[in-house]
Amino acid sequence: MSQLYIVATPIGNLEDITFRAIKVLTEVDFIAAEDTRHSKRLLDKYDIKTPSVSFHSHSSDAKINHLIERIKKGETAALVSDAGTPCVSDPGFKFVKLAAQAGIKIIPIPGASALTTLISASGFPTDTFTFHGFLPHKKGRQTLIKSFLETDHCQVVYESVHRFPKLLKELSEYVGAERSICVGRELTKMHEEIWRGTVSEAQKHFNESNTKGEFVVIVSPEKFCYTQA
């Protein structure tokens, strides 16, 4: 049967990969990678010689269909993103959708995700939460952030280093300076930081020296308060 494996890879620390993921990446016929140069670091570390082809948000339908045809003819493939679990705030969903429609068996290989990594260590109530991925740059951004004001569950977003200060300013203005948040920065990497406090405290804490990397931010429910010891 034609098979496409969705393989989660580390979000930072290259040791955060499962034995099963390494086995699959070694045994498939080819790997569809968001950035083959980025993925090469991981493949080299585990001496994986499987050939890689690029697949990213700008890949054409013709490219996707070509890869699908290869799988339908008997090759097995693995889809990996630059970091974490493919298709979570990631362009891979289109490939998976078309592959499934073509009758290809989709097999997930679970593993690291920036989303679940921060949630597990936040200390915030996340039995129910809404994940927004990366916020819109302009249209709809303000409206979405304003919706966090009166919420009974956590809101989780990804944010880039360049827009993180802007996000804190918007949260202070539209949600409230005393709303509790949890910030994950450089998760699983050498300079990992998991920070908890109010929006106003975050504005004082984060400056040019500690705003490098990608951010995951959890905005608490309206009635939740995290107090430092």
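Modelled spin-label separation between residue 139 and residue 189, with each label point placed 7 Å from Cα along the Cα-to-Cβ direction: 3.2 nm. Amide H contacts for residue 176 (H built 1.01 Å from N in the peptide plane; partners 5 or more residues away or on another chain; cut-off under 5 Å): none found. For segment 114-219, the Kirkwood hydrodynamic radius from C-alpha pairs, put into Stokes-Einstein at 10 °C and a viscosity of 1.306 mPa s, yields a diffusion coefficient of 116 µm² per second.
Grab the Cα-Cα distance for residue 178 and residue 19, subtract it from 0.36 nm times how many residues apart they are, and report the gain in nm with one decimal. Write down the numbers at each step before the final one.
Values: separation 159, 0.36 × 159 = 57.24 nm, distance 4.34 nm.
So the chain would gain 52.9 nm between residue 178 and residue 19.
Available extension along the chain between residue 50 and residue 105 is 17.8 nm, counting 0.36 nm per residue and deducting the alpha carbon span.
Candidate cross-link partners of residue 189 among the aspartates and glutamates, defined by an alpha-carbon separation under 19 Å and a same-chain spacing of 8 or more, comprise 15, 16, 44, 82, 159, 208, 214.
Output needed for segment 3-109: three equivalent-ellipsoid semi-axes, defined as square roots of 5 times the C-alpha gyration tensor eigenvalues, in descending order, whole Å. Present the calculation step by step, with values, prior to reporting the outcome.
Working: eigenvalues 85, 41, 31 Å².
Ellipsoid half-lengths, sorted descending, are 21, 14, 12 Å.
Highest mean packing comes first when the peptides 120-129, 195-204 are listed by Cβ atoms within 10 Å, giving 195-204, 120-129.
Relative contact order for segment 114-219: 32 percent, from Cα pairs under 8 Å spaced at least 6 residues apart, divided by residue count. By the beta-carbon count within 10 Å of each Cβ, the least crowded to most crowded order of 9, 76, fewest first, is 76, 9. Across the options 39, 88, 71, the greatest Cα extent toward the positive end of the charge dipole of segment 3-109 (unit charges at beta carbon of Lys, Arg, Asp, Glu) belongs to 71. Which percent, nearest 5, of DSSP beta bridges in the chain are antiparallel? Here the antiparallel bridges make up roughly 45 percent for the chain. Measuring between alpha carbons in the structure, the pairs from 23/45; 169/223; 138/223; 72/105; 23/97; 49/97 lying more than 19 angstrom apart are 169/223; 138/223; 23/97; 49/97. Dividing the mean sequence gap of close Cα pairs (under 8 Å, 6+ apart) by how many residues the chain holds gives a relative contact order of 21 percent. Between residue 201 and residue 41, the FRET efficiency estimated from the beta carbon spacing at R0 = 35 angstrom works out to 0.45. Per residue, the convex hull spanned by the alpha carbons of the chain comes to 141 Å³. Peptides 133-142, 83-92, 151-160, 14-23 ranked from most to least packed by the mean count of surrounding Cβ atoms within 10 Å: 83-92, 151-160, 14-23, 133-142.
Throughout, read-outs are computed from the coordinates displayed, never taken from laboratory work. A quick note: this is a predicted structure, and the numbers were derived from the prediction, not measured. FYI the Cβ positions are ideal-geometry reconstructions off the backbone, even for glycines, and counts take in every protein chain you see.
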